[in-house]
Amino acid sequence: MFKVKERGRNSYQFYTEDLTHRAMQRMLLENGIRKALTDQHFVAWYQPQYDIETNQLIGMEALARWISPDRGIISPLDFIPLAEETGLILELGEQILDQVMQQVVGWHEQGLNPGRVAINVSGKQLLNGNISATVKRLLEQNRCKVEWIEIEVTEGFVMGQGEGAIEQLQELQALGVQLSIDDFGTGYSSLAYLKQLPISKLKIDKSFVDDLPHDLDDTGITRAVIALANSLGLDVIAEGVESREQADFLLQEGCPLAQGYLYSKPLPADKITTLLKNG
Ligand code: C2E
Ligand code: CA
Ligand code: CA
């Protein structure tokens, strides 16, 4: 029945062993996530972001990792989707927000400057989570300054939600939280709608950056996103930058900021501390 519903209903599916197996896997994963939440096994790693021209660190993106005693380091791609489906993302998202704020405050207390740290927030957190109240409470609790963080929401979510999303984002903006649109270019943005959103940054998706500067479609899309950001007065950053050539192209086209393996992979907090200490 679930399989049929997943595929758009009004149909049938035969029972197979594989279905039982997959249902089992899901259940195990869901239970695993619950246990990991209790045991605090979700940990934020950090990927530095740089000014391409000056090579200055300007901030970082916090990316969740599941540090499992049995399975090692588990990628967010393997647990975020199910966490979203089951609603566990609300608890997970809150743990990450709390943890990142504590870390950022800790760095500042040590006299280190991590720049602005971006935290990914899923659509479910925005719709069902009363995100602005949560962010406000955690900022106060941790004595974290609002300008030390930034929140990333995906274009796909924002565009799918209409007015509902604008309200949530406006509440965050009212707190002073900077918002950036992740995976920009992969959804179907209405320009009129984009103009109404209280956002300050567009993130050019890795899928467009991958084939820069050779692929004609990707160079075209990248130029268009940069032009759009500039004309709307928004900052723009590219993700997934792996080569010098890509960085040079982006800078030349007017995108001054980048994040990607060219500079650094996401790193655990203690490695970032070392990096910040060594300048
Ligand atoms: P995202 O927000 O688009 O994050 C960018 C992903 O690209 C990260 O994968 C990062 O490690 C990877 N990446 C960055 N630069 C490069 C590069 O130069 N080359 C390559 N090959 N990859 C690069 P990661 O950490 O596996 O995260 C995957 C996705 O999981 C994220 O995509 C985000 O959608 C989600 N995610 C991660 N942490 C959280 C979280 O705390 N909350 C929520 N809601 N989602 C999260
Ligand atoms: Ca992101
Ligand atoms: Ca992205």
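The values are calculated or read from the model by the stated rules, or taken from the named source; none is laboratory data. What you see is a predicted model, and the numbers here were worked out from it, not measured in a lab. We place every Cβ from the backbone using ideal geometry, glycine too, and count neighbours over all the protein chains shown. Surface areas here come from the heavy atoms of the whole protein model, side chains and all, with no ligands, DNA or RNA. Shrake-Rupley method; radii C 1.70, N 1.55, O 1.52, S 1.80 Å.
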Q | Total residues in the range 188-217, condition within 11 Å of ligand 1 (Cβ to nearest atom) and of a type in the set (S, T, N, Q) | A | 1
Q | Per-region count, the range 161-181, residues under 15 Å from Lys201 (Cβ atoms) and either aliphatic (A, V, I, L, M) or at pLDDT below 95 (or both) | A | 5
Q: Please enumerate the residues belonging to the range 89-115 that are under 18 Å from Leu57 (Cβ atoms), buried (at least 18 other Cβ atoms within 10 Å of the Cβ) and not β-branched (Val, Ile, Thr).
A: Gln103, Trp107, Pro114, Gly115
(Q) I'd like to check which strands (runs of 3 or more DSSP E) are fully inside the range 1-115 and have at least 3 residues that are within 16 Å of ligand 1 (Cβ to nearest atom) and touching a residue at least 40 places away in the same chain (Cβ under 8 Å). (A) 42-51, 57-68
Q: Would you mention how many residues in the range 133-160 are among the basic types (Lys, Arg) and either at pLDDT below 95 or outside the structural domain of Pro81 (by TED's automatic domain parsing) (or both)?
A: 0
Q. For Gly185, all conditions in the list (1) more than 15 Å from ligand 1 (Cβ to nearest atom); (2) at positive phi hold save one; what is the number of the exception?
A. (1)
Q) Considering only residues of the range 51-88 that are open to solvent by less than 30 Å² (accessible area, probe 1.4 Å), farther than 17 Å from Ile33 by Cβ and over 13 Å from the mean Cα position of the chain (by Cα), which is nearest to ligand 3 (Cβ to nearest atom)? A) Gly59
